[in-house]
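**Student:** Got a structure here, written out as C-alpha cells. Questions coming.
The values are calculated or read from the model by the stated rules, or taken from the named source; none is laboratory data. This is a predicted model, so every value here is computed, not measured. Virtual Cβ from ideal backbone geometry, glycine too; neighbours counted across all protein chains shown.
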Amino acid sequence: MATALAWIVLVVPLISGLVLAGWPTEPPHAVTRVLGVGSILLAFILSATIFAGLLGNAADDRAFTSSAFEWISIGGVDVNLAILVDPLSVMMMLIITGVGFLIHLYSVEYMEHDRDYRRFFACMNLFVFAMLLLVLAANFFFLIVGWAFVGLASYLLIGFWYQRPSAVAAAKKAFVINVIGDVGLVLGAFLVLRTLGTLDYGEAFARAPEMGAQSGTALAICLLLFVGSAAKSAQVPLHTWLPDAMEGPTPVSALIHAATMVTAGVYLIVRCHAFFDLSWLAGDIVAFVGAITLLLAATVALQQVDIKRVLAWSTVSQVGYMVMAVGLGAYASGMFMLMAHAFYKAALFLAAGIIIHALNDEQSLDAMGGLRKYLRVAFFGMGAGCLAIAGVPGFAGFFAKDDVLSSALAYGGFGMFCWVVGVVGAFLTALYMFRLLFRAFFGPGPDGGYDPTPHPSRWWMSVPVVILGILSIVGGWLQVPFGWRGLDSWLTPVLGTGAEIIEPTHTAEVITIIVSLVAAFGGIALAWWLFGADPERRKRLAGVAAGPLRVMGDAWEFDRAYDDLFVDPGREVADVMATKVEPDGPQGLITGTVAVVRGASRVVSASQSGMVRAYTFWMVLGISLAGIVIALVLAGTS
Amino acid sequence: MTVPIAAYLALSLGLLVLGLIGVMRRRNPLMLLLSVELMLNAGNVALIGFSRQWDDPSGQVFALVVMVVAAAEVVIGLGLTVAIFRNRTNLDVDELSAMKG
C-alpha cells in the first residue's frame, strides 16, 4: 500500500513535467498552473497519506521496499528499479513535496510575466521528480541517478535566464563543481560494491560491520561519499557554486538551493550512517568540515549587499550545522535542523522574492529600507524566518540549533570544539540575519524614495509566505528539550540505537540553551546597534575594520584562489597544447600520413594507363609467370 | 584410330596464343572480340579433348555452356562497339582511356 502510493508520488511530477515540456506550443497559463502546481499538490497529499499510514503501524513495521523490475543483472551485480519507503525517506518526501508545493504555488505569480512560464514549471517538476528519486531509491545505483538528475535540474534552473552571461557562467560553475562530487559518490559506490558485493541499501548496511570498525576501507568509503555530499551541500572547499547559483529565479533558490537539494548531502550521510558508525575518524572529518563551513560562511554573509547572496551564504552556514551534527553522529538532530531549515529558509527566500518582485528585480540592500510599511506579508515572513534562524526561543531554529549544539556537547572531546564554533556561528547568524532585516525593512527608504511605490503581492505569493512563516514558528515543537523527542523516536527504526548515535544529555541542553540565548540576543542587539538604531553608524564604522571586511566581502578569496590554482594553469596548458604541441604532434602525424599515402599512390597510379591492351599484356604476363612458378613447384615435389 | 590428347592440347594452345596475340596487338574492337572468341574456343577444344580422354561427357556439356556464354558475350560486345562507334566515329580501343589513373 505504502509503496504503491510512493510509486505514484514519484511518477506524477515526472509525467506532468514531461507533458509540459512536450506541449507543442506555450500552453495557456491556466494549463501550466494546473499541471505544474497540481501535480506537486497531489504528490504532497499522497505523501501525507503514506505518512499517516506508517504512523498507524508499529515502529518496527514502517520500512517497505518495492521493486518494479530488474534493471541490470550482470557479473553478480543485481540492480533493481526499487524504492525504499521508511521513516527517513517519508520525512524527506514530506519536506520535498510540502515545501515544494508552496514554492510552486508562489511561482505562479512570481514567474507570471516571464515568457518561459511553461519551461520553468517543467524544470521545477523535473527537479521534484529527481529529488524524490534520490530519497526513495533503495540502492546506490538509483541514488546516483537521482543525484545526477537533481544536478541537471539545478543546472537548467540556475541558467534559466540564459540571456544573462552571468547566469550561464553560474550554471556551468555549479555543474562542474557538482560533477566533482558525483565522481566521489560514484567511486564510493564502486568501493561499496567491491567490498560488500552489493549496491542494495538493506544488504550493504547489514553487511557493513564485516569491514570491521575503524578499518581503512570504511574510512575510504565514508570520505568518498562525503566528497559527493560536500559538493551537493556546498561545504568548504566545494561551496563556491552556491552563492553564484542565486542567478536563478528566487523560487528556484528557495526550493533547490535552500530547502531541498543542498540538504541531499546531509540525507546521504544519514542514509549511510551504517558506514559512518564504523569510523569515528570519518565522522570527525565530516564534522570538522561542517564546523569550518558554518563559521566561514557566516562571516561572509555579514558583508554581502545582495539580499539573495546573504541568504545563500546563510544557507551554506546552516547546512554546515547539519553536516557537523551528522558527522558527530547526531543524525536525528541533523535531520531536525534540515526540516526546520527548509521551513525558515524557504520563508526567508520567498519573502525576499516578494521584495525583489515589488522593486522590479532590485536585489541590493542599499536600494531598500523602510519596506515594512509597504510589504506587510514579506515583513511577516522575513521576521518569522529571522527570529527562527537566529534561535529565539519558541521558534523552529531555536529547538533545532539547540539540539545540534547540545548533541555536540554531549559528544565530548572534539564535540567541544564544534560546540564553540557553533555558538560563535549562532551569534554571527543572528547578527547577519538581523542586519538584513533592519536594512531592508527599517530605517529610511533609499535616497529619493521608491519609484514606483512597492506593490504588495497577491495571494499566490502571500499564502505560501504566511504558511512557511507559521511553520518556522511552530515547526520546532516536534522535539523539545526535556520534553518529547518526536523526531528521534520517528527515526529510530532507521538509525537504530547503537552507541554511535548521539543524543543530547540534560546537562548539555541546559548549558547550550543559556549560552545560545546569550549568543542569539547578543547578535540581535549588536545588529540593532549597528544597523537598526542609527543607519549612519555602520558607514562611520566601516573604515575601522576595512581590511578584514574586504576579505570577508570577497568570500575569503576562494574564487580567486581557484582561478589561480586550476583555471589559469588549465588555460595555460591548453594554450601550450594548442600552439606548440598540436601543430607538430597530432596534426603533424595526420599530414605526414597523408603525404606518404599521396606520394605512394602517385607512383602506382602511373600504371593505370587506360590502355586495355596494355592491361591484357600485363595480365597474360602475370598469369604466365604464375603458371611457370606453379609448374616448377609441382615438378619439384613429384 | 584415336587422336592423342597431346594433339588436342597443342591445337588448344595454338588457338589460345593466337587469340592472346590478337587481343594484345589489334586495336579494332571487332578484331578484339574475334580474338576472345578464338581463346574461348581454344578452351572448348581442350575441354572436349579431356572429355574424350576420360570418357566423361561433362566436358562436352561444359563446352556447350561456354558456347552459350560466348554468344551472350558477343552480343554485349557488339552492342558496346556499335554504341562507341556512334559516339566517336572511329574504332580504336587505345583511345578509350577515360579511366586513366
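**Student:** Checking B:Gly77 against (1) surrounded by fewer than 15 Cβ atoms within 10 Å (Cβ to Cβ); (2) within 17 Å of the chain's Cα centre (by Cα), only one condition comes out false. Which one?
**Tutor:** (1)
**Student:** Could you please let me know if A:Ala234 is crowded, with 24+ Cβ neighbours inside 10 Å and farther than 23 Å from A:Phe205 by Cα? Steps first, answer last, please.
**Tutor:** Details: crowded, with 24+ Cβ neighbours inside 10 Å: yes; farther than 23 Å from A:Phe205 by Cα: yes.
Here the answer is yes, as A:Ala234 does meet what is asked.
**Student:** Does any residue of the range A:62-76 turn out to be farther than 16 Å from A:Val128 by Cβ, more than 28 Å from the chain's Cα centre (by Cα) and touching a residue at least 12 places away in the same chain (Cβ under 8 Å)?
**Tutor:** yes
**Student:** Consider A:Asp366 carefully, then state whether it is within 30 Å of A:Gly188 (Cβ to Cβ) and surrounded by fewer than 24 Cβ atoms within 10 Å (Cβ to Cβ).
**Tutor:** So A:Asp366 does not fit the description; no.
**Student:** Going by what's in this entry, would B:Ser97 be described as among the hydroxyl-bearing types (Ser, Thr, Tyr) and within 14 Å of chain A (Cβ to nearest Cβ)? Talk me through it step by step, then tell me what you get.
**Tutor:** Numbers: among the hydroxyl-bearing types (Ser, Thr, Tyr): yes; within 14 Å of chain A (Cβ to nearest Cβ): yes.
In short, yes.
**Student:** Filter the range A:474-486 for residues that are surrounded by fewer than 21 Cβ atoms within 10 Å (Cβ to Cβ) and assigned to a helix (DSSP H, G or I) and give the result. Walk me through how you get there before you give the answer.
**Tutor:** Applying the first criterion (surrounded by fewer than 21 Cβ atoms within 10 Å (Cβ to Cβ)) to the range A:474-486 yields A:474, A:477-478, A:480-486.
Within the range A:474-486, A:Val474, A:Trp477, A:Leu478, A:Gly486 meet the criteria.
**Student:** Kindly indicate whether A:Trp460 is surrounded by 20 or more Cβ atoms within 10 Å (Cβ to Cβ), assigned to a helix (DSSP H, G or I) and at pLDDT 80 or above.
**Tutor:** Working: surrounded by 20 or more Cβ atoms within 10 Å (Cβ to Cβ): no; assigned to a helix (DSSP H, G or I): yes; at pLDDT 80 or above: yes.
Considered against the rule, which asks whether it is surrounded by 20 or more Cβ atoms within 10 Å (Cβ to Cβ), assigned to a helix (DSSP H, G or I) and at pLDDT 80 or above, A:Trp460 comes out as no.
**Student:** Please give the number of the condition A:Asp402 fails out of (1) at negative phi; (2) charged (D, E, K, R); (3) out of contact with any Asp or Glu (no Cβ under 9 Å at 6 or more places or on another chain).
**Tutor:** (3)
**Student:** At positive phi and in contact (Cβ under 8 Å) with a residue 40 or more places away in the chain, is that true of A:Gly448? Working first, answer last.
**Tutor:** Details: at positive phi: yes; in contact (Cβ under 8 Å) with a residue 40 or more places away in the chain: no.
Taking the combined requirement at face value, the residue does not satisfy it.
**Student:** With A:Ala430, A:Ala520, A:Ala508 as the choices, which residue is in a helix (DSSP H, G or I), under 19 Å from A:Tyr321 (Cβ atoms), under 25 Å from the mean Cα position of the chain (by Cα) and hydrophobic (A, V, I, L, M, F, W, C)? Steps first, please.
**Tutor:** Working: A:Ala520 fails: under 25 Å from the mean Cα position of the chain (by Cα); A:Ala508 fails: under 25 Å from the mean Cα position of the chain (by Cα).
It is A:Ala430.
**Student:** Out of curiosity, is A:Asp361 acidic (Asp, Glu) and either at pLDDT 90 or above or on the phi > 0 side of the Ramachandran plot (or both)?
**Tutor:** Values: acidic (Asp, Glu): yes; either at pLDDT 90 or above or on the phi > 0 side of the Ramachandran plot (or both): yes.
Yes: the conditions hold for A:Asp361.
**Student:** Cβ contacts < 8 Å: first residue at the interface with another protein chain (Cβ under 10 Å from one of its Cβ atoms) and on the phi > 0 side of the Ramachandran plot, restricted to the range B:14-25; second residue in a helix (DSSP H, G or I) and charged (D, E, K, R), any location; separation 6+ or different chain. Result?
**Tutor:** none
**Student:** Restricting the first residue to the range A:281-299 and requiring it to be within 11 Å of A:Val326 (Cα to Cα), which pairs with a second residue that is at pLDDT below 90 and not in a helix (DSSP H, G or I) meet a Cβ separation below 7 Å and a spacing of at least six or different chains?
**Tutor:** A:Gly283/A:Gly329
Table: residues versus (1) of a type in the set (A, V, I, L, M, F, W, C); (2) free of Cβ contacts under 8 Å to residues at least 12 places away in the same chain.
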residue: A:Arg458; (1), (2): no, no
residue: A:Val465; (1), (2): yes, no
residue: A:Leu471; (1), (2): yes, no
residue: A:Gly486; (1), (2): no, yes
residue: A:Trp490; (1), (2): yes, no
residue: A:Thr497; (1), (2): no, yes
residue: A:His506; (1), (2): no, no
residue: A:Glu509; (1), (2): no, no
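**Student:** A:Ser233 fails exactly one of the following numbered conditions: (1) modelled with pLDDT under 90; (2) among the hydroxyl-bearing types (Ser, Thr, Tyr); (3) closer than 27 Å to A:Val176 by Cβ. What is the number of that condition?
**Tutor:** Of everything listed in (1) modelled with pLDDT under 90; (2) among the hydroxyl-bearing types (Ser, Thr, Tyr); (3) closer than 27 Å to A:Val176 by Cβ, A:Ser233 misses just condition (1).
**Student:** Name the one entry in A:Ser16, A:Ser73 that is among the polar types (S, T, N, Q) and either buried (at least 19 other Cβ atoms within 10 Å of the Cβ) or in a helix (DSSP H, G or I) (or both).
**Tutor:** The unique qualifying residue is A:Ser16.
**Student:** Can you pull out the residues in the range A:132-190 that are within 23 Å of A:Ile72 (Cα to Cα) and touching a Ser or Thr at 6+ places or on another chain (Cβ under 7 Å)? Outline the logic, then answer.
**Tutor:** Initially, the range A:132-190 is screened for residues within 23 Å of A:Ile72 (Cα to Cα), giving A:132-150, A:182-190.
Within the range A:132-190, A:Val135, A:Leu136, A:Ala138 meet the criteria.
**Student:** Same structure again: Please state which of the following conditions B:Thr81 fails to meet, knowing it meets all the rest: (1) in contact with a Ser or Thr (Cβ under 9 Å, 6 or more places away or on another chain); (2) closer than 30 Å to A:Ser605 by Cα; (3) more than 12 Å from every other protein chain (Cβ to nearest Cβ).
**Tutor:** (1)
**Student:** Looking at the range A:564-607, which of its residues are among the β-branched types (Val, Ile, Thr) and farther than 30 Å from A:Thr240 by Cα? Give the steps one after another, and end with the answer.
**Tutor:** Kept after step one, since they are among the β-branched types (Val, Ile, Thr), are these residues of the range A:564-607: A:567, A:573, A:576, A:579, A:581, A:590-591, A:593-594, A:596-597, A:603-604.
A:Thr579, A:Val581, A:Ile590, A:Thr591, A:Thr593, A:Val594, A:Val596, A:Val597, A:Val603, A:Val604 - these are the residues of the range A:564-607 that are among the β-branched types (Val, Ile, Thr) and farther than 30 Å from A:Thr240 by Cα.
**Student:** When you check A:Ala245 against the structure, is it over 11 Å from the mean Cα position of the chain (by Cα), crowded, with 24+ Cβ neighbours inside 10 Å and within 27 Å of A:Leu468 (Cβ to Cβ), yes or no?
**Tutor:** On the way: over 11 Å from the mean Cα position of the chain (by Cα): no; crowded, with 24+ Cβ neighbours inside 10 Å: yes; within 27 Å of A:Leu468 (Cβ to Cβ): yes.
No; evaluated as a whole, the condition is false for this residue.
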